[in-house]
Amino acid sequence: MATQHSPRRSSRLNQTTNAGAAMVTTASTVSIASSQPQLQHIASTVAGNLSVQAAAMNATANTVMQKERAQTSSKAGEAPTSDTQVASLMQRIAILEENLRRATADRVHVSTASDPVASSNIGVSSATTTLPPYLSGNAPPLLSANQPLQIMAPSNGNALLPLSENLPPQSNGIVPTYLSGNLPTQINGIASTYLSGNNLISHLGGVMLKARLEHDAVYGRCLATSEAVQRGDIVVEELPFAYGPKRDSGIVCLACYRFLQFGEDGDGDGDRCEICDWPLCGNCADAEHQGDHRGECEVFAMARVTFAGNVSEDGACPQLDCITPLRVLLAKESQPERWLNEVAPMEHHEQARRENADVWHADRVNIAQYLRGPCKLAERFSEELIMQVVGVLEVNAFEARTTHGYPIRCLYPYTGILAHNCVPNTARSIHPSEGYKIRLRAMVDLEEGQQLQHSYTYTLDGTTQRQTHLREGKFFDCTCERCLDASELQTHFSSLKCGQCTEGWLLPKQPTVVESSWNCRACDYSTSSAEVRQIVGALQAEVNAVQSLEMGAKRLEEAERLLRKYKSLLHPSHYIATGLRQLLIEMYGRVKGYEMVQLSDQLLERKAELCREVLRLLNVFEPGLSRTRAMNLYELHVPLVLLAKSGFISSRLNGGELRGRLVEAIDLLKECVEILQNEDHSSQEGILCGVAKQALQQLSVSVEGLGNDLD
């Protein structure tokens, strides 16, 4: 199983009519995550932060000259700085400023202003650059695709009718067979050679470098280390078996996955494939760039099935739900050995999925019957097989981003069977520039034979929220140490303030039981889970209202107000409070009236405090090389630099202390770079890594100058 986060759907079925085709809709709801990572803002504002650093160091140099000429410091051991030393320092700072200015000019822009992609619940920038948010290995996906699931199938009441094949004729042109995951079309057998010299096992499409396949009585097929592993080591890397649009997506180009604008009548302003008439942007229309679309193009052209362009009110296009399952089926034909040995054994939880009758019915009509009916694939693929593929994707697929930040889902046969733990020991990085190759790294040092574990839910959600997601989306209950501990490893991440005493906290008596009572360990007061859900729900509604505000001063001030209000209701480390802290981290230094250069020392200290509080929790829930940690380290280093400058100007810090504070910021940047250096260079994490490297280099140069001149 893997990190495909599917919207939760209710059991209510509605029927609507759109462009002459009946559409069955299952309502969709999504619980809003209390916090999400902040890469979407960093990419658009990092240039400003670099300029801030340059300005800070330049101001420091000016202050050196003014202060040291005026007086001798009263702090013991400090001597006046000569004019020659000051001039030398000024020259170094000038070089720093120029280099940072160039870094600012060369920063990468990823413009998706016309795409409805950046709708994360926390920290949506008001800028026109709407970058996709950062994907921790454990973060939830964007909530922009939370549309109701719709089914493109003619119906009469609730009785399904045969799918019509009376569609407009299309070109009979034939295109090359779909090549899944940029792999060769034909593979003669699976490579499973064991090379004892380097303990490497090679499989079709992937290599288990320091891992081995095992069967666990609880987890089933899973992976474990084949030798001792150090943090940062790659344990598995593989290419996807297939990839394609996410479920319930809008209308996207089937080659580059950017969002396309189609009118109510299905008119896409020419964004259609000339061969099959399905969505394809102008840049991908020529055969050379069709790439991923070629397989289904051949199927649709041969069957003369056209794209209707019907979408729901919130932009979901149910007709595209068949694309990724179809690509898996085509890959099965071109890679039969890999299918048999790697994909077919993957869990698909058929029985559990059948229990949700509405969703099963939707998948059967919208995907299985559509492919076997109008697409004329009944002789090639049985309904049972298609429904198996749908389940394999639902349970095991990972979300990825293209080089331009558009969301897709990928199926990785080995990485997808990792065991789950709410405190993971592995992190993944997906490289779109290498055919979406995934690399799985150890976040911490691991012993030989230790189980490799990933988190299939958001680690900064509380136990109840994580359990609900795993139960509804992944079809299992988690019994990891964190879930079984009512205090969530002594963090009190879900604890509420007891209303009957001043010292106690309310914790669930049985954390993994939905209807468990909540008890105070100090006064034995008890309340029901229903009352707790009511309280948390009311608080979350207030947070959601703040998140929906336009990015600006009011949003920041309201978030601070809620955080103060909740001190009497929640434990300071509660996940709702933590979500508000992440929201504030993103806004301090970015919103009008609170730009970084405008922040007082008190507000700079506030931002630094918020970062440290989140990092303290990440040390417990995502120890080691966590991308979420890297983002917060980057956020923390900027106020530290500015506070160091301010302290030096006001004579609170001498030269040595100034250097010490800047060295602390350098250490933060070093760790940030260590975590992000293995990301795809075209990804937002990779872009931030490049920026952090530049900041690290220039700050290091300035510290060397400060060290020589101010000691």
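In this entry, P345 passes the filter for residues that are closer than 27 Å to C222 by Cα, open to solvent by 30 Å² or more (accessible area, probe 1.4 Å) and either at pLDDT 95 or above or not in a helix (DSSP H, G or I) (or both). Restricting attention to segment 279-305, the residues being farther than 20 Å from Y243 by Cβ and modelled with pLDDT of 90 or more number 5. Exactly one residue out of N366, N283 is farther than 29 Å from L223 by Cβ, touching a strand residue (DSSP E or B) at 6+ places or on another chain (Cβ under 6 Å), assigned to a helix (DSSP H, G or I) and not basic (K, R): that is N366.
From the list A530, A538, A545, the one residue that fits, being among the small types (G, A, S), more than 29 Å from the chain's Cα centre (by Cα) and assigned to a helix (DSSP H, G or I), is A530. Considering R466, R482, R409, the condition of being within 21 Å of the chain's Cα centre (by Cα), modelled with pLDDT of 95 or more and part of a helix (DSSP H, G or I) is satisfied by R466 alone. Note on segment 524-570: residues that are under 11 Å from L580 (Cα atoms) and of a type in the set (G, A, S) amount to 1. Selection of segment 449-470 for residues being polar (S, T, N, Q), over 14 Å from A427 (Cα atoms) and open to solvent by less than 30 Å² (accessible area, probe 1.4 Å) yields T463, Q467. The set of residues in segment 648-657 that are free of Cβ contacts under 8 Å to residues at least 40 places away in the same chain and under 24 Å from E671 (Cβ atoms) comprises L653, E657. If I filter segment 674-694 down to residues being in a loop (DSSP other than H, G, I, E, B) and surrounded by fewer than 23 Cβ atoms within 10 Å (Cβ to Cβ), which single residue comes out as modelled with the lowest pLDDT? Filtering first and then ranking leaves S682. Taken over segment 597-637, residues that are more than 17 Å from M443 (Cα to Cα) and open to solvent by 10 Å² or more (accessible area, probe 1.4 Å) amount to 12. Determine if segment 582-593 includes at least one residue that is open to solvent by 10 Å² or more (accessible area, probe 1.4 Å) and in a helix (DSSP H, G or I). No: zero hits. There is no residue in segment 660-668 that is closer than 27 Å to H574 by Cβ, without any contact (Cβ under 8 Å) to a residue 12 or more places away in the chain and among the acidic types (D, E). A Cβ distance below 8 Å, combined with a sequence gap of six or more or placement on separate chains, defines the contacts here; from segment 623-640, residues that are free of Cβ contacts under 8 Å to residues at least 60 places away in the same chain and under 14 Å from A695 (Cβ atoms) reach residues that are open to solvent by 10 Å² or more (accessible area, probe 1.4 Å) and of a type in the set (G, A, S) in the pairs P639/G589.
Would you call V444 of a type in the set (A, V, I, L, M), under 30 Å from L506 (Cβ atoms), part of a loop (DSSP other than H, G, I, E, B) and in contact (Cβ under 8 Å) with a residue 60 or more places away in the chain? Please lay out each step first, then the result.
On the way: of a type in the set (A, V, I, L, M): yes; under 30 Å from L506 (Cβ atoms): no; part of a loop (DSSP other than H, G, I, E, B): yes; in contact (Cβ under 8 Å) with a residue 60 or more places away in the chain: yes.
The answer is no for V444.
Here T415, T403, T324, T426 are screened, and the one residue that is open to solvent by 10 Å² or more (accessible area, probe 1.4 Å) and not charged (D, E, K, R) is T403. For the criterion of being at pLDDT below 95 and either open to solvent by less than 40 Å² (accessible area, probe 1.4 Å) or on the phi > 0 side of the Ramachandran plot (or both), C501 passes.
Checked against the criterion of being surrounded by fewer than 21 Cβ atoms within 10 Å (Cβ to Cβ), in contact with a Phe, Trp or Tyr (Cβ under 6 Å, 6 or more places away or on another chain) and either farther than 21 Å from K437 by Cα or not aliphatic (A, V, I, L, M) (or both), the candidates A352, A357, A378 yield just one match: A352. Taken over segment 227-248, residues that are among the small types (G, A, S) and open to solvent by 10 Å² or more (accessible area, probe 1.4 Å) amount to 2.
Within segment 548-579, restricting attention to residues that are in a helix (DSSP H, G or I) and among the small types (G, A, S), the residue that is most open to solvent (accessible area, probe 1.4 Å) is S568. Could you check segment 391-400 and list, in sequence order, the residues that are open to solvent by less than 10 Å² (accessible area, probe 1.4 Å) and in a helix (DSSP H, G or I)? Those that are open to solvent by less than 10 Å² (accessible area, probe 1.4 Å) and in a helix (DSSP H, G or I): G391, V392, L393, V395, N396. Confirm whether T306 is open to solvent by 20 Å² or more (accessible area, probe 1.4 Å), among the β-branched types (V, I, T) and out of contact with any Phe, Trp or Tyr (no Cβ under 6 Å at 6 or more places or on another chain). Spelling it out, T306 is indeed open to solvent by 20 Å² or more (accessible area, probe 1.4 Å), among the β-branched types (V, I, T) and out of contact with any Phe, Trp or Tyr (no Cβ under 6 Å at 6 or more places or on another chain). In a residue-by-residue description of segment 524-533, the property of being open to solvent by 50 Å² or more (accessible area, probe 1.4 Å), more than 30 Å from R353 (Cβ to Cβ), at pLDDT 95 or above and touching a helix residue (DSSP H, G or I) at 6+ places or on another chain (Cβ under 9 Å) applies to no position.
I want to confirm something. Restricting to segment 487-498 and keeping residues that are part of a loop (DSSP other than H, G, I, E, B), in contact with a His (Cβ under 9 Å, 6 or more places away or on another chain) and not hydroxyl-bearing (S, T, Y), which single residue is least open to solvent (accessible area, probe 1.4 Å)?
Within segment 487-498, the match that is least open to solvent (accessible area, probe 1.4 Å) is F493.
The values are calculated or read from the model by the stated rules, or taken from the named source; none is laboratory data. Note that the structure is predicted; figures quoted are calculated from it, not measured. Here the Cβ is made from the backbone with ideal geometry for all residues, glycine too, and neighbour counts use every protein chain on show. Just so you know, the surface numbers come from the protein's heavy atoms only, side chains and all, with ligands and any DNA or RNA stripped out. Shrake-Rupley method; radii C 1.70, N 1.55, O 1.52, S 1.80 Å.
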